[in-house]
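J.: This structure is in structure tokens; I'll ask about it shortly.
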Amino acid sequence: MRTELTLTKDRIEGMDLAAQREMSPGMGAVVSFSGVVRASEGGQSIAAINYESFEKMARRQFELLFETAATRWPIESVRVVHRLGRVAAGETALWMEVIAPHRQEAFAACNFIIDEMKRVVPIWKKPLRLETS
């Protein structure tokens, strides 16, 4: 299984990432997910979220998640891009792509990785409230 993890402060451009896709002829499903920062968090309006990470540990935890997913589903590849730093409301904070032979496998693996990422990967978010005058 091919994996690619990018932790970046740069904007995520999903269409550009999709254009870089590589898949073999036996694959029939590509599931991509974009997690966008909402303009509210905990019932309060926000301007952005600041994401911080212990990057070395985050990379290791993602590797373990990818390995676990590969034992459960016949995945050909997983690509994850996660923003760090300030991400404004309306911008993409997470982009993921899973390629597998069938849609059920691709969706299941994508859901698993996202759910477990939120549970075990050391990336913390701090909502940044709207400035009021």
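The values are calculated or read from the model by the stated rules, or taken from the named source; none is laboratory data. All values derive from a computational prediction rather than experimental measurement. Neighbour counts are summed over all protein chains in view; Cβ atoms, including those assigned to glycine, are modelled from backbone coordinates with ideal geometry.
J.: Quick check on this structure: which one of ARG119, ARG83 is under 25 Å from MET1 (Cβ atoms), crowded, with 16+ Cβ neighbours inside 10 Å and either modelled with pLDDT of 95 or more or touching a helix residue (DSSP H, G or I) at 6+ places or on another chain (Cβ under 7 Å) (or both)? Break it down into steps so the answer makes sense when it comes.
T.: Details: ARG119 fails: crowded, with 16+ Cβ neighbours inside 10 Å.
ARG83 is the lone residue from the list that is under 25 Å from MET1 (Cβ atoms), crowded, with 16+ Cβ neighbours inside 10 Å and either modelled with pLDDT of 95 or more or touching a helix residue (DSSP H, G or I) at 6+ places or on another chain (Cβ under 7 Å) (or both).
J.: Ok, one more. Exactly one of (1) over 14 Å from the mean Cα position of the chain (by Cα); (2) within 28 Å of GLU131 (Cβ to Cβ); (3) outside any loop (DSSP other than H, G, I, E, B) is unmet by THR71. Its number?
T.: (2)
J.: Restricting to the range 68-80, what's the tally of residues that are buried (at least 19 other Cβ atoms within 10 Å of the Cβ), over 29 Å from GLU41 (Cβ atoms) and in contact (Cβ under 8 Å) with a residue 60 or more places away in the chain? Working first, answer last.
T.: Of the range 68-80, the ones buried (at least 19 other Cβ atoms within 10 Å of the Cβ) are 69, 73, 75-80.
Then keep just the ones that are over 29 Å from GLU41 (Cβ atoms); that gives 73, 75-77.
Still in the running and in contact (Cβ under 8 Å) with a residue 60 or more places away in the chain: 75-77.
Residues meeting the conditions: 3.
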